[in-house]
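Undergrad: Before I ask anything, let me first share the structure, which is written out below as structure tokens.
The values are calculated or read from the model by the stated rules, or taken from the named source; none is laboratory data. Quick caveat: nothing in here was measured; it's all calculated off a predicted structure. Cβ: placed from backbone, ideal geometry, glycine included. Neighbour counts: every protein chain shown. Protein only, heavy atoms only, side chains kept; ligands, DNA and RNA dropped before computing areas. Shrake-Rupley method; radii C 1.70, N 1.55, O 1.52, S 1.80 Å.
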Amino acid sequence: MTVEAAVVLPIFLLFFLNLSCAMEMIRLHGNLQLALQDVGNRLSVYGYAFKEADLQENVAGIVLSYGYVKEEMTKYAGEDYLDASPLAYGAEGLQFWESKALGDDGEFEINVTYLVSPWSDLAGFLPFRMGNRYYGHFWTGYEIPGASGEEKAQTVYVAENGRVYHESIGCSHLTLSVTETSPAEVLKLRNENGGRYSLCERCGTDKGGDAVFITSEGSRYHCRQDCPGLKRTIFSLIKTEAQKEFAPCSRCTK
């Protein structure tokens, strides 16, 4: 049993040494990816400021020279942790030579490569190369680059219970012009389509006042100026969606 233990125990310890080393390499890769993600997100924001100041070459220099990225990644992950990890040469082993910056549309790519090595030469495998990648785009606002005026979604406006959509929110059909008149006179008046005015169903129970209210576009006269029938609730829609349910306004739609 002593002889067997003397043979099996070193193999058993070597197996767990390799397993723990492999797990720590995976942990190192994940921690470096988190650090790279944090730095890349900040560069995406900083890039907009450089672009507005016409200093894009400076942004490329920051990324490609890797000095700033390396320093920030080391701060995020911790220099002591990197030096004690399976990372060969510690924090100094991070390389960024394969990074690219500032494509035609403002993209940039940060590639960090490094060697990882086992804790002991008895681990059974040699040092090998690993890497992490961040691909981002400088924040330039919400407008889609290269989109033409026809390709952009156009907003139109629809009144509650309306049957047409309006390209202008200032269309006269949306901005009601209320006129005050007498109950006797309103029976003689006509709306813009030549129709007579009839009593509003909503506020008709309040009739008996000295004045009633009408609009040139409406077909009802109202006993109260604050009647809901004299107000317009307006909704905004994408034009392509509005065209499925509503006809175009004859006044403001081209």
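Undergrad: When you check V45 against the structure, is it out of contact with any helix residue (DSSP H, G or I) (no Cβ under 8 Å at 6 or more places or on another chain), modelled with pLDDT of 75 or more, of a type in the set (V, I, T) and in a helix (DSSP H, G or I), yes or no?
TA: Criteria met by V45.
Undergrad: Checking G208 against (1) at pLDDT 85 or above; (2) open to solvent by 40 Å² or more (accessible area, probe 1.4 Å); (3) more than 24 Å from V164 (Cα to Cα), which test does it fail?
TA: (1)
Undergrad: Something else about it: Go through (1) touching a helix residue (DSSP H, G or I) at 6+ places or on another chain (Cβ under 8 Å); (2) modelled with pLDDT of 85 or more one by one and return the number of the condition L176 breaks.
TA: Failing condition for L176: (2).
Undergrad: I need every pair where a residue in the range 226-253 that is open to solvent by less than 90 Å² (accessible area, probe 1.4 Å) has its Cβ under 8 Å from the Cβ of a residue that is assigned to a loop (DSSP other than H, G, I, E, B) and of a type in the set (V, I, T), sequence separation at least 6 or different chains.
TA: Once the first residue is open to solvent by less than 90 Å² (accessible area, probe 1.4 Å) and sits in the range 226-253, its partners that are assigned to a loop (DSSP other than H, G, I, E, B) and of a type in the set (V, I, T) give I234/I169.
Undergrad: If only one of G170, G195 is modelled with pLDDT under 85 and either farther than 24 Å from V156 by Cα or within 49 Å of the chain's Cα centre (by Cα) (or both), which one is it?
TA: Being modelled with pLDDT under 85 and either farther than 24 Å from V156 by Cα or within 49 Å of the chain's Cα centre (by Cα) (or both) holds for just one of G170, G195, which is G170.
Undergrad: For the range 217-235, give me each residue that is of a type in the set (S, T, N, Q) and either over 44 Å from the mean Cα position of the chain (by Cα) or outside any loop (DSSP other than H, G, I, E, B) (or both).
TA: S219
Undergrad: Can you run down the residue pairs with Cβ atoms below 6 Å, 6 or more apart or on separate chains, where the first is in the range 18-43 and open to solvent by 40 Å² or more (accessible area, probe 1.4 Å) and the partner is part of a helix (DSSP H, G or I) and of a type in the set (D, E)?
TA: none
Undergrad: Continuing with this model, one more query. Residues in the range 165-201 that are in contact (Cβ under 8 Å) with a residue 24 or more places away in the chain and part of a helix (DSSP H, G or I): how many?
TA: Number of matching residues: 2.
Undergrad: Would you call F108 at pLDDT 75 or above, open to solvent by 10 Å² or more (accessible area, probe 1.4 Å) and not acidic (D, E)?
TA: No.
Undergrad: Additional query: When the range 48-69 is examined, which residues are found to be surrounded by fewer than 17 Cβ atoms within 10 Å (Cβ to Cβ) and modelled with pLDDT under 60?
TA: K51, E52, A53, D54, L55, Q56, E57, N58, G61, S65
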